[in-house]
Amino acid sequence: MATRTEIRLFDSAARAVRPFVPVHAGEARMYNCGPTVYDRQHIGNLYAYIVADVVRRTFEYFGYRVTQVMNITDVGHIVDDADAGEDKMALGARRTGKDPLRIATEVTQQFMADRHKLNILDPHVMPKATEHVPLMIELIQKLIDKGHAYLAADGVYFDVTTFPGYGTRLNAEPPEERMAGARVEVNENKRHPNDFALWRAAKPGDLQQWDSPWGKGNPGWHIECSAMSMKYLGDTFDIHSGGEDHLFPHHECEIAQSEAATGKPFVNYWLHVRFLRVDNEKMAKSKGGFFTLDDISEWGYDPLAFRLLALGTGYRKSLDFTRAAMDQAQRRLERWRRVVAEAYAATGGRVTEPEPDYGVRKGFNDALADDFNTPKALAAAEMALNLAGSDDAAIRERALWLLFDMDRVLGLSLRDAATKEDVLSSEERRLFDERERARRAKDFTRSDELRDELLERHGIRVMDTKDGARWERVAKGA
RNA sequence: GGCGACGUAGCCAAGUGGUAAGGCAGAGGUCUGCAAAACCUUCAUCGCGGGUUCGAUUCCCGCCGUCGCCUCCA
């Protein structure tokens, strides 16, 4: 058995690329910070999960047994600072007039549907916060028992002074400094301004509350991730991912409470995805550029074009989402599909595995293993794409094998593109046939009109070949 | 104010101390009734100014610009 390819990844804690050494040989256990399911996920959220998906697929591609856990946060958390404000689930509930759990269920279903359209694999475990409250309470109690947490008038807080280096594992700037220039409302109940809530005492009107040794209330924002990740992956596990926004405070809090509780290292590799921006600004409802996957579809793009766009930029560089960039990704995807379909037809579906050190294959693998360099991997795949158009059958068969193999990571449904029986609707067929008749009759004016109509209104691109007209489905008006 | 990231061709985007992958668009050509597709050819000295070096886009310093974090957020 050949030695497993060494994967190197950027670890936010080390602030450097490090070779991956698993806790359990041959395994990769990863936790992705999941969504708070109070509102529709936008493409920025989805982008982060595409990245997590590529990470998971890369480990599987290189032969690791992966356990991927993603939480579903169906407990509301404070909207603004500290203890003031309304929680998000309550906000959603009030806005829609539905109860929190119903919203959570609906939003989760929508989220999963979006993920499936983007070929994001389902995590092996998707724990819900509401189903793990007792576990969180247990963890909080442990922290109290160990002297890391204390009971205050409005809840239980983690005492950051008991955890040396709090807030500096993933961040260069110590919490004290960052607080200096920022406005922070002082909560008189806390012993230290940086102490964070583990448990919040129920307030009148709270829709979600649980009994606890400290009275009715609900869990703090950070504790669920510690409780659930350690339950499903062990006290120390390999990879924890999330958006760059979680560098502080969320992940710092997770580290503090987890390690304080277990006395063991919590996570070996921290992976943070840079935000997707829209027209060069962070996506936020308040700024207007707030898009969902449905918007992308309505504009005529294939959801997988968005996946391809995401793959086209390194995850540690912010991806600027623009219509122009989507156009480019869409065209790129269409070309991939066309080439693969033609190669498949030309080889009669035969594929041949090339040697492991076959240049293109190696280039692709090296790129992926190098901190998931998907833009470079795409370039390697595009070389395979060129080979797939070769006149040499042996080369084509190997290229096709490679493309299908690469697609285990890329997730662009290339096999479907090659094999899927797409048929024209009766209307499309009628136009297509009519154009053929007009063309044979040398009525080029009419035939060109119909060709334009098929493209503009139906997204059918017609191409004439020696063997007659062929068609393919593309974005409308492309 | 503090901390951090980024600035590569029209656009998206890799990358390296020794004169810069790939994609999209564009230009020319072959093909075509015309197109499309395909194929061939073509298209950048890497924000600005210093410094280190035989040599910097790649290292250091300064500047300018953009973005993010410091508050819920992928």
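The values are calculated or read from the model by the stated rules, or taken from the named source; none is laboratory data. The model shown is predicted, which means the values in this text are computed figures rather than measured ones. Positions of Cβ are backbone-derived with ideal geometry, glycine not excepted, and every protein chain shown enters the neighbour counts.
Under the condition of being surrounded by 17 or more Cβ atoms within 10 Å (Cβ to Cβ) and over 19 Å from the mean Cα position of the chain (by Cα), the residues counted in segment A:364-381 number 5. Residues considered: A:310, A:341. Of these, the only one that is of a type in the set (A, V, I, L, M, F, W, C), touching a strand residue (DSSP E or B) at 6+ places or on another chain (Cβ under 7 Å) and closer than 22 Å to residue A:415 by Cα is A:310. For segment A:446-455, the criterion of being within 13 Å of RNA strand B (Cβ to nearest atom) and within 30 Å of residue A:118 (Cβ to Cβ) is satisfied by at least one residue.
Out of the residues in segment A:346-363 meeting the condition of being in contact with a helix residue (DSSP H, G or I) (Cβ under 7 Å, 6 or more places away or on another chain) and under 21 Å from residue A:56 (Cα atoms), tell me which one is surrounded by the most Cβ atoms within 10 Å (Cβ to Cβ). Filtering segment A:346-363 for residues that are in contact with a helix residue (DSSP H, G or I) (Cβ under 7 Å, 6 or more places away or on another chain) and under 21 Å from residue A:56 (Cα atoms), the one surrounded by the most Cβ atoms within 10 Å (Cβ to Cβ) comes out as A:361.
Would you tally the residues in segment A:455-478 being within 35 Å of the chain's Cα centre (by Cα) and free of Cβ contacts under 8 Å to residues at least 40 places away in the same chain? Going through segment A:455-478 one residue at a time, the tally reaches 6.
Does residue A:47 qualify as being within 8 Å of RNA strand B (Cβ to nearest atom) and modelled with pLDDT of 95 or more? Spelling it out, residue A:47 is indeed within 8 Å of RNA strand B (Cβ to nearest atom) and modelled with pLDDT of 95 or more.
Can you find a residue in segment A:319-332 that is of a type in the set (S, T, N, Q), buried (at least 20 other Cβ atoms within 10 Å of the Cβ), outside the structural domain of residue A:461 (by TED's automatic domain parsing) and at pLDDT 95 or above? Within segment A:319-332, one or more residues are of a type in the set (S, T, N, Q), buried (at least 20 other Cβ atoms within 10 Å of the Cβ), outside the structural domain of residue A:461 (by TED's automatic domain parsing) and at pLDDT 95 or above.
Out of segment A:258-281, which residues are free of Cβ contacts under 8 Å to residues at least 24 places away in the same chain and closer than 26 Å to residue A:167 by Cβ? Even if it seems obvious, please write down each step before you answer.
Applying the first criterion (free of Cβ contacts under 8 Å to residues at least 24 places away in the same chain) to segment A:258-281 yields A:263, A:281.
Answer for segment A:258-281, where residues must be free of Cβ contacts under 8 Å to residues at least 24 places away in the same chain and closer than 26 Å to residue A:167 by Cβ: just A:263.
Being modelled with pLDDT under 95 and within 13 Å of residue A:33 (Cα to Cα) is a property that holds for residue A:246.
This table checks each residue for (1) without any contact (Cβ under 8 Å) to a residue 12 or more places away in the chain; (2) within 17 Å of residue A:114 (Cβ to Cβ); (3) assigned to a loop (DSSP other than H, G, I, E, B).
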| position | (1), (2), (3) |
| --- | --- |
| A:291 | no, yes, yes |
| A:296 | no, yes, no |
| A:304 | no, yes, no |
| A:307 | no, yes, no |
| A:310 | no, yes, no |
| A:314 | no, no, yes |
| A:326 | no, yes, no |
| A:332 | no, no, no |
| A:338 | no, no, no |
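Take segment A:312-365 and flag every residue that is hydrophobic (A, V, I, L, M, F, W, C), farther than 30 Å from residue A:465 by Cα and more than 10 Å from RNA strand B (Cβ to nearest atom). Within segment A:312-365, A:360, A:364 qualify.
Which residue out of A:448, A:452, A:464, A:407 is in the same structural domain as residue A:384 (by TED's automatic domain parsing) and at negative phi? Working first, answer last.
On the way: A:448 fails: in the same structural domain as residue A:384 (by TED's automatic domain parsing); A:452 fails: in the same structural domain as residue A:384 (by TED's automatic domain parsing); A:464 fails: in the same structural domain as residue A:384 (by TED's automatic domain parsing).
Selected residue: A:407, the only one of A:448, A:452, A:464, A:407 that is in the same structural domain as residue A:384 (by TED's automatic domain parsing) and at negative phi.
Counting only helices (runs of 4 or more DSSP H) that sit wholly inside segment A:169-286, those with at least 3 residues that are within 11 Å of RNA strand B (Cβ to nearest atom) and either small (Gly, Ala, Ser) or buried (at least 23 other Cβ atoms within 10 Å of the Cβ) (or both) are A:250-262.
Of everything in segment A:21-42 that is modelled with pLDDT of 95 or more and outside any loop (DSSP other than H, G, I, E, B), the residue that is nearest to residue A:119 (Cα to Cα) is A:32. Tell me, please, whether a residue that is touching a helix residue (DSSP H, G or I) at 6+ places or on another chain (Cβ under 8 Å), within 13 Å of RNA strand B (Cβ to nearest atom) and farther than 30 Å from residue A:360 by Cβ can be found in segment A:419-431. No, because not a single residue in segment A:419-431 is touching a helix residue (DSSP H, G or I) at 6+ places or on another chain (Cβ under 8 Å), within 13 Å of RNA strand B (Cβ to nearest atom) and farther than 30 Å from residue A:360 by Cβ.
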